[in-house]
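The values are calculated or read from the model by the stated rules, or taken from the named source; none is laboratory data. In this text, all values refer to a predicted model and were calculated from it rather than measured experimentally. Cβ sites come from the backbone with ideal geometry, for glycine too, and all protein chains shown count toward neighbours. We work out accessible area using only protein heavy atoms, side chains counted, and drop any ligands, DNA or RNA first. Shrake-Rupley method; radii C 1.70, N 1.55, O 1.52, S 1.80 Å.
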Amino acid sequence: MSGENDIVFEHVYKSYDGKNNVIADLNLTIPSGQRMILLGPSGCGKSTILRMIAGLEKISGGDLYMGGKRVNDVDPGDRNVAMVFQNYALYPHMTVKRNIQFGMEIAKVPKAERDKQTDWALDILNLSEYKNRLPRQLSGGQRQRVALCRALVKKAPYFLLDEPLSNLDAQLRTAARAELVRIHEVYQPTFIYVTHDQIEAMTVGQRIVILDKSIIQQQGTPDEIYNQPANVFVAKFIGSPCMNICKANVENGKLIVGDEAAPIPEAWQKIVGDRKVVRFGIRPEHIEFLPDDGDFSIKVTYTENHGNLLCVAFTVGENNLMATLDPFYVLQDNLKLKIKWDKIHFFDDETELNLGYPER
Amino acid sequence: MKINARTIKRGGGQIFWHLIIILTVCIFLYPLLYMFFSSFKELKDIFTAGVRLLPKKWIDTNYSSVFNKLDVPRLLFNSLVIAGLTMTVKMLTSILAAYGLVFIPNRHSSKIFYFFVVTMFVPFSVIMLPNYLTLTKLNLINTLIGVVLPQLADATAIFRIRQAMRCVPISLIEAARLDKVPHMTCLRKIVLPLVRPAVVSMAIFLFVNSWNEYFWPLLILRSNELQTITLATKYFSGTEGSTGWGNVMALASISIALPLILYLFAQRTIISTFMSSGIKE
């Protein structure tokens with residue numbers, strides 16, 4: 001299945017010095033009209049990928065196709081992309097209106113049409129009353145919206161965003177995320193969004209690509225990434241607090257942590273196979289404590305009440321874990337960790353890859 | 001200014017720094033005032049022992065004789081042509097070079113830049129003779145163009161404007177590239193407005209430098225109708241101590257009037273651009 005505005009990377013390399021690859025053998029298809037998130041820690045190469053799409057970085061090897069056309073040597077101005085920069089890149093000496101219209105002026109759009117488009121975009125982002133202000137007279141959130149307006153009026157089939165929310169405070173971010181989704185719905189461009197914030201990725205994205213050390217770790221829907229992480233990196237990167245990963249031995253169909261053992265259900269035994277050591281992962285919200293009747297003894301190290309939930313840090317054997325519980329939960333003595341087998345993930349100890357799931 | 005802002009909270013320190021500033025201003029102002037007041041003094045008054053700023057008797061004959069003996073408008077015009085042309089073309093070449101170095105970089109940009117910088121260290125006396133010989137061959141001795149031609153590019157100006165342009169966030173230029181903005185438009189509408197303080201101050205600096213130049217025009221210009229206002233001072237310098245200092249001071253006062261007025265006007269722009277520049281945003 002391929003749409004008219006797909007972006008396809010085929011064996012793409014990027015190197016600045018000709019020796020070390022920042023991006024190595026990247027193969028990625030960004031489907032037309034979708035909100036695709038490039039997510040990863042800083043330095044993972046996600047911004048470089050975005051800038052290669054924009055044409056602001058030259059491609060050192062491989063091919064990049066946009067809308068079926070090879071664009072390796074196409075000038076940024078001819079790629080028909082709109083971009084929102086991390087620092088917004090608003091022209092400081094131009095008013096909001098002029099900032100939005102400047103691109104259209106260059107493209108020789110007639111004045112009446114320019115004004116119409118500008119008013120339309122300003123209206124969508126509730127900025128109409130600010131159109132004669134200079135960027136420095138606006139708040140961070142307003143500037144960010146002006147940058148969105150400027151990208152919006154281009155009506156480009158590709159909409160690139162480079163960490164557009166990273167300079168906003170937490171409250172504004174929540175509002176801005178919803179705004180981004182709304183903007184995408186306006187004309188459904190191919191939306192490529194770079195962020196290191198997993199919540200942005202999960203809420204804005206229709207598909208997420210997770211990168212680490214220039215390598216794609218996993219791609220999929222937010223749901224897939226959250227519920228079936230491909231490896232330990234993805235498992236720990238997505239979710240807050242992050243997934244608990246414990247090392248355990250396997251002996252005679254039993255999972256052994258410290259001196260305690262829990263029998264592994266048959267369906268899982270097939271997946272674990274004859275491994276002697278595994279890592280199992282369990283999300284903080286899936287942890288259940290039972291008095292006496294659980295699988296592993298725990299030792300609570302500290303608790304934090306966040307108001308809406310209770311965070312409990314505890315140890316099992318030598319592993320440090322975190323649980324998020326109901327804020328009214330009463331921590332009794334003799335509590336034991338009860339493994340919920342339908343919420344658990346197993347990873348290979350060496351490759352750190354997900355071993356898979358039993359048929360449910 | 002920075003020193004002031006920092007010490008403003010400590011009352012005593014503020015007075016101290018103000019005194020230093022006032023003293024500095026006096027040191028810089030004294031020769032100018034001396035020149036100005038001496039242009040209204042009689043010759044014997046100028047040579048009176050002791051430091052006395054104001055004339056004993058105010059006379060205006062120094063000025064009238066300057067205007068009688070010399071074609072002052074002509075001298076001003078020649079100076080204006082040379083300084084104006086030198087400044088304009090130097091600014092043009094420097095701005096274009098700096099833009100290219102900063103925003104259209106290639107593998108050799110830094111080498112080219114360092115080559116420019118090296119030329120800053122070549123003293124005028126070294127290139128004076130080759131330039132003179134070249135102009136002779138081009139038949140440009142004793143022409144205004146001859147004065148201007150060898151100074152149409154300036155490494156210092158390129159250096160200074162390049163530094164200013166490097167402060168323009170690169171993302172602004174990238175945003176422009178994505179909108180297919182041609183380089184000349186990008187330079188005119190985005191970069192120049194943002195580096196205006198640097199450009200204006202550089203332009204004034206170049207203009208005044210060229211206006212005050214004495215030696216090079218002296219070498220090139222021979223005929224009377226091509227003399228500049230600065231060169232004209234030699235008209236009143238006699239060989240045996242018979243220099244008409246009053247006249248020289250009057251001429252000098254006339255000569256600095258134009259750059260001074262220009263500066264006062266431009267200063268307002270410089271300050272207002274400083275205050276409204278939003279480069280950091």
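For A:Leu38, enumerate residues with amide H under 5 Å from its amide H, sequence gap 5+ or separate chain, H modeled in the peptide plane.
Those lying under 5 Å, H to H, from A:Leu38 are A:Tyr193, A:Val194, A:Thr195, A:Val209.
Quick one: 3J(HN,Hα) in Hz for the stretch A:178-188, Karplus 6.51/-1.76/1.60 with θ = phi - 60°, rounded, Gly and Pro as x.
4, 4, 4, 5, 4, 5, 4, 5, 4, 9, 6
So what does A:Ser42 come to for accessible area, using a 1.4 Å probe and Å² rounded to 10?
Estimated to the nearest 10 Å², A:Ser42 gives 110 Å².
Between the DSSP loop rule and a limit of at most 12 other Cβ atoms within 10 Å, which chymotrypsin sites (Phe, Trp or Tyr not before Pro) in the stretch B:48-121 are left?
B:Trp58, B:Phe121
Only Cα pairs under 8 Å and at least 6 apart count here; give the relative contact order of chain B as a rounded whole percent.
It rounds to 28 percent for chain B.
So what does A:Asp123 come to for accessible area, using a 1.4 Å probe and Å² rounded to 10?
Surface accessible to solvent at A:Asp123 totals approximately 100 Å².
State, as an integer percentage, the relative contact order of the stretch A:7-236 based on alpha-carbon contacts under 8 Å between residues 6 or more apart.
28
Karplus couplings for the stretch A:266-283 from phi (6.51 cos²θ - 1.76 cosθ + 1.60, θ = phi - 60°), rounded to Hz, Gly and Pro as x?
Once rounded to whole Hz, the list reads 4, 4, 6, 4, 4, 6, 5, x, 9, 5, 8, 10, 9, 10, 10, x, 8, 6.
For the stretch A:72-120, which trypsin sites (Lys or Arg not before Pro) are both in a DSSP coil and crowded by at most 16 other Cβ atoms within 10 Å?
A:Lys108
Quick one: Karplus J couplings for the stretch B:59-73, per residue in order, coefficients 6.51, -1.76, 1.60, θ = phi - 60°, nearest Hz, x for Gly and Pro?
10, 10, 5, 4, 5, 4, 6, 4, 5, 6, 7, 10, 8, 4, x
For chain A, which longest stretch is free of loop sites, where a loop site is one of the GluC sites (Glu not before Pro) that DSSP puts outside H, G, I, E and B and that has at most 13 other Cβ atoms within 10 Å?
Longest stretch, sites excluded: A:5-317.
Need one word for the protein assembly as shown: rounded, prolate or oblate. Basis is the Cα gyration tensor (sqrt eigenvalues a ≥ b ≥ c); a/c below 1.5 gives rounded, then a/b vs b/c decides.
prolate
Ignoring the sites themselves, what is the longest stretch of chain B with no trypsin sites (Lys or Arg not before Pro) in a DSSP loop and at most 11 other beta-carbon atoms within 10 Å?
B:108-221
Let me check something: with ligands and nucleic acids excluded, how do B:Met120, A:Met66 order by accessible area (1.4 Å probe), largest to smallest?
The ranking, largest first, comes out as B:Met120, A:Met66.
Looking at the stretch A:259-328, which chymotrypsin sites (Phe, Trp or Tyr not before Pro) are DSSP coil and have at most 10 other C-beta atoms within 10 Å of their C-beta?
Answer by residue number: A:Phe328.
Would you tell me the mean number of C-beta atoms belonging to other protein chains that fall within 10 Å of each C-beta in A:80-92, as a whole number?
Averaged over the peptide's residues, the number is 5.
Using Cα atoms only, what is the angle between the long axis of helix B:155-166 and the major principal axis of chain B, expressed in degrees (0 to 90) to the nearest 10?
40
Going by a ≥ b ≥ c, the root eigenvalues of the Cα gyration tensor, does chain B fall in the rounded group (a/c under 1.5), the prolate group (a/b larger than b/c) or the oblate group?
Cα axes put chain B in the oblate bin.
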